[in-house]
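Asks: Structure incoming, see below.
The values are calculated or read from the model by the stated rules, or taken from the named source; none is laboratory data. Quantities reported herein were computed from a predicted structural model and do not represent experimental measurements. For neighbour counting, all protein chains shown are included, and Cβ atoms are generated from backbone atoms with ideal geometry for every residue, glycine included. Protein only, heavy atoms only, side chains kept; ligands, DNA and RNA dropped before computing areas. Shrake-Rupley method; radii C 1.70, N 1.55, O 1.52, S 1.80 Å.
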Amino acid sequence: MKQAGPARILIVDDHEDNVELLRARLEARGYLTTSATDGQNALDAVALEAPDLILLDVMMPRVDGIEVARRIKRDATLPFIPIIMQTALDSTEHKVEGLDAGADDYITKPINFAELEARVRSLLRIKALQEEVEAQKRELSRMNDQLLRLSLTDALTELDNRRNLQERLQEMYEHSARLNEPLAVVMTDIDKFKSVNDTYGHHAGDEVLKQIAKLLKGEAREIDRVGRFGGEEFMMLLPGTPVEDAVQFAERVRAATEA
């Protein structure tokens, strides 16, 4: 999110006198300003660093203000940038064309500065509200992703939980049957685990489970799924693995645990 501070306004006008007059008035109100003398320069400036608001002249060489507004609003990589079009052509037709191109407001020349300042403040408030809504959406999406992950993950070992394993097993089985490919399922549990809990306590037992989980993940391939089936039982789903290779995998896991 953009850091708090004075809003930065891009002034786009091919008349230097207009730019300097607008700059003086806006900076006197505490805004930061940059400027561009034609439409292409404005597009280049926006691509380099998106301003908080654009004060955009309509009639300019190379690329006019209508096309500038259209390109900015069409660019999905840019944040919401309010655009105030300024023109000496006070006709409904020109206003409609500018608004259709994506302008958010219109002001006619000669500019009434009290009106301009009110429109700038209004659009900056709208921008701030929209940024707040977008931030809330991102946070909600992050929380939903986290809740989904928690619902599919064993909290202690951070492996797939039983529900997730069963869903992945069903998917892999259907895929294996459809393509006539092998699928191996390896089940394992920890011998004498109850005695660990009884002798050293459940905290020690939890540490054993976490270490075994780490070992299993280390032995598995990227495409394999490893999960805690329940208690001290673990399940590994090995797609594309014939039974003899699954036996070798299980022995490798056993030997690594023994070591």
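Asks: How far apart, in nanometres, would the label points at Arg74 and Ser141 be if each is projected 7 angstrom from Cα along the Cα-to-Cβ direction?
Replies: 2.4
Asks: Then there is this: Can you pull the one-decimal nm distance between simple spin-label points at Ile126 and Glu27, each 7 Å off the Cα toward Cβ?
Replies: Placing both labels 7 Å beyond Cα along the Cβ direction yields 2.8 nm.
Asks: Same structure again: Consider the candidate values (1) 211; (2) 136; (3) 183; state which one is volume of the Cα convex hull per residue in Å³ computed from the structure displayed.
Replies: Only one option fits the structure, namely (1).
Asks: If you roll a 1.4 Å probe over the chain with all protein chains in place, what percent of the accessible area is carbon or sulfur?
Replies: 52
Asks: Where in the chain lies the longest segment free of GluC sites (Glu not before Pro) that are both loop residues by DSSP (not H, G, I, E, B) and have at most 16 other Cβ atoms within 10 Å? Spell out each step's value before the answer.
Replies: Numbers: sites that count: Glu49, Glu158, Glu222.
Counting only loop sites that pass the neighbour cut-off, the longest clear stretch is 50-157.
Asks: What whole-number value in Å² describes the accessible area per residue of the range 8-129 for a 1.4 Å probe?
Replies: Roughly 49 Å² per residue, with all protein chains present.
Asks: Separate question: Using a ≥ b ≥ c from the Cα gyration tensor of the range 134-255 (square roots of the eigenvalues), is it rounded, prolate or oblate, where a/c under 1.5 gives rounded and otherwise the larger of a/b and b/c decides, a/b for prolate?
Replies: oblate
Asks: Counting only DSSP beta bridges with both residues in the range 122-238, what percent are antiparallel, rounded to the nearest 5?
Replies: Antiparallel bridges: around 90 percent, rounded to the nearest 5.
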